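What follows is a single structure, written as structure tokens, with notes after it.
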Ligand code: FES
């Protein structure tokens, strides 16, 4: 029977209290440096909320024929043109924010989510929508393009004239 010990005496020696605490200390130091470094790298990428611009160019007045209702999907707004001028009416339902649709063959609008109905000026005909569709301010940029401000509201009887 072979009684020889294949491990060297240094390998077999258990870690002493001092070695253990030294290793623990170095480990804590490196963990601290790593977490500080990770935090500093995180600062290079701040939390920025990129929102859509609220002022949008919607083309030139001549792009809209008289009597037309044009839906701009990217901005969820209807551009209405009649003999009084231009109106930009929000297509965002005032109930829970679904997009309303223009009713075919009619000047009314309907919300597909819960059945609200709006008249040609965006007034509520049938709930549960609590208030009218918003009318956004329309201005003319120096370039000749109309600009709709999706956060600036005007009364529904306000028309933009070129
Ligand atoms: S979101 Fe339009 S009726 Fe509910």
**Request:** Mind checking which strands (runs of 3 or more DSSP E) fall wholly inside segment 37-154 and carry at least 3 residues that are within 16 Å of the ligand (Cβ to nearest atom)?
**Result:** 124-126
**Prompt:** How about segment 57-67: which of its residues are surrounded by 12 or more Cβ atoms within 10 Å (Cβ to Cβ) and either in contact with a helix residue (DSSP H, G or I) (Cβ under 8 Å, 6 or more places away or on another chain) or more than 15 Å from residue 135 (Cβ to Cβ) (or both)?
**Reply:** 57, 59, 60, 61, 63, 64
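Could you check segment 129-141 and list, in sequence order, the residues that are exposed (fewer than 15 other Cβ atoms within 10 Å of the Cβ) and modelled with pLDDT of 90 or more? Spell out the reasoning first.
Step one: list which residues in segment 129-141 are exposed (fewer than 15 other Cβ atoms within 10 Å of the Cβ), which gives 130-131, 139, 141.
If the condition is that a residue be exposed (fewer than 15 other Cβ atoms within 10 Å of the Cβ) and modelled with pLDDT of 90 or more, then 130, 131, 139 are the ones that fit.
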**Message:** I'd like to know if segment 68-81 contains one or more residues that are surrounded by 13 or more Cβ atoms within 10 Å (Cβ to Cβ) and more than 30 Å from residue 161 (Cα to Cα).
**Reply:** no
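The values are calculated or read from the model by the stated rules, or taken from the named source; none is laboratory data. This is a predicted model, so every value here is computed, not measured. Reconstructed Cβ throughout: ideal geometry from the backbone, glycine too, with neighbour counts over all protein chains shown.
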